[in-house]
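For reference, the structure discussed in these notes is given below.
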């Protein structure tokens with residue numbers, strides 16, 4: 001059972017499944033992790049489609065392998081269940097490290113329950129950390145709110161953008177810039193790359209001091225800038241990894257509590273909801289007051 | 001003060017500001033609305049950037065004006081505060097109805113608080129409804145989770161896609177297909193439009209009966225298919241508008257309760273959070289148990 005702590009792949013897979021599903025083996029797995037967490041550097045990659053994120057992640061993984069490090073990749077696809085599978089399949093095929101024992105890929109698909117994804121990501125990351133992976137990469141498909149939440153599980157957040165941002169600036173959405181530790185303009189050989197780099201540096205400069213992301217340029221296809229990116233990730237990752245497991249646990253806890261609140265709210269008696277909603281529309285209650293009443297109702301009896 | 005009920009623009013603006021901010025005038029505004037809600041048809045447009053959504057919304061508004069209807073437009077931009085303003089400005093300039101008194105545009109920007117957007121959208125929609133607008137359009141910039149949430153405030157949800165979806169299928173994300181009443185392939189004169197139409201019809205056919213969205217083709221630039229879109233929106237909108245105000249109030253209430261839960265969770269004593277997070281990492285508590293304990297702590301004293 002403890003083979004996974006020694007890095008055995010199939011055993012690691014099984015350990016991950018155990019904690020993901022909280023099945024009977026889970027407690028043993030979690031106990032075995034103690035004292036073994038906080039060694040790995042973790043990094044999350046997000047960014048709009050078309051930025052060449054997958055190619056960059058591949059180049060980043062290759063760079064880590066050349067440095068002799070083992071890698072765990074968590075591929076997250078919060079797409080609709082209808083379209084989900086195919087995309088993930090493609091990406092994993094694309095990774096190009098299929099024959100390499102030093103790269104362990106685990107994919108997470110949403111199956112309709114988005115909140116569950118960041119919970120799973122935390123658990124999988126802990127297992128990979130305890131299982132001796134030197135570097136853990138989380139890659140999400142898109143750049144929406146849910147992807148940001150998932151990337152946030154990693155110690156170092158990399159946001160990848162494409163040159164010629166102009167019209168696409170909307171792709172860099174709420175929360176994305178705010179969480180970025182490192183902003184990368186990929187496809188650095190594109191004519192607009194320098195201009196976009198400048199643009200992002202200006203945006204980064206508007207953030208309060210101490211929260212300003214580094215801005216880098218890479219060309220994933222030929223590997224340019226990837227070593228610099230790896231160095232920047234390393235510097236931040238080393239600094240943060242020791243505190244990371246507890247930070248991850250806190251985030252997991254918070255996320256689960258919000259999910260629970262959401263489910264409890266859905267279970268409140270509909271007549272009560274109707275009464276409060278009516279008070280809102282008539283102006284008899286403020287939004288805050290009605291919301292507090294509803295939340296109290298949701299927490300009243302312990303189901 | 002009641003000029004806004006007669007459709008006076010500046011008075012409507014002021015009424016909206018009052019309920020958005022819940023200031024002293026708000027109660028009077030909300031009271032005055034009673035019995036005047038549920039008349040307007042409301043429709044939300046979402047979809048990935050590049051689908052020509054803004055052009056389609058403009059064509060849709062023009063179609064409504066030609067039918068002699070008044071229109072309210074809620075332009076929502078949940079972008080980062082850094083990039084937000086400029087985009088919204090552009091879109092509003094683009095609407096091309098600036099000189100038309102029959103088109104009332106109100107923009108909502110996030111200013112960092114995403115949850116607040118759908119709350120505001122509900123309030124603004126109620127004001128426009130009571131203020132006599134025949135059709136209310138909500139347009140969001142992107143197609144992420146937060147945009148879906150905002151579009152959900154409308155009775156009829158239109159999701160706009162571009163031809164040649166293939167690689168971009170990831171843009172049709174979690175929740176988007178699920179909420180769509182009408183799927184539109186815009187840029188209908190594009191060589192790939194027919195293929196994408198077929199693809200979306202297949203996807204729509206996979207949804208359970210009774211929840212299958214209609215699939216239409218439009219070419220916003222020359223107006224093709226826009227009348228059909230308007231007819232489809234009308235049919236659903238008429239059916240739903242009477243129940244809509246209470247449905248909107250319920251959604252507003254639920255959203256506010258979740259926001260409140262989130263703030264309460266952030267305010268829980270950090271030593272308590274630490275204790276529960278530790279129990280998680282050691283396997284001494286399941287995620288569900290720890291989450292429930294945290295939520296109880298959050299609701300313990302009524303601040």
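Bear in mind these aren't lab numbers, they're just calculated from the coordinates by the rules spelled out. What you see is a predicted model; the values in this text were computed from it and never measured. Don't worry about glycine lacking a Cβ; one is built from the backbone with ideal geometry, like all the others, and counts go over all protein chains shown.
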Q. In whole angstrom, how far apart do the alpha carbon centroids of segment A:217-233 and segment B:185-213 sit?
A. 40
Q. Could you give, in nm with one decimal, how far residue A:10 is from each other copy of that position, shortest first, with labels 7 Å out from Cα toward Cβ?
A. 7.9
Q. Taking the label point as lying 7 angstrom from Cα along the Cα-to-Cβ axis, what are the distances from residue A:242 to the corresponding position in the remaining copies, in ascending order and in nanometres?
A. 6.8
(Q) Can you give the Rg/Rh ratio of segment B:255-300, where Rg is from the C-alpha atoms and Rh is the Kirkwood radius? (A) 1.01
Q: Taking each label point as 7 Å beyond Cα in the direction of the beta carbon, state the distances from residue B:201 to the same residue in the other copies, shortest first, in nm.
A: 5.3
**Q.** Length added when fully stretched, residue B:198-residue B:21, from 0.36 nm per residue minus Cα-Cα
**A.** 59.2 nm
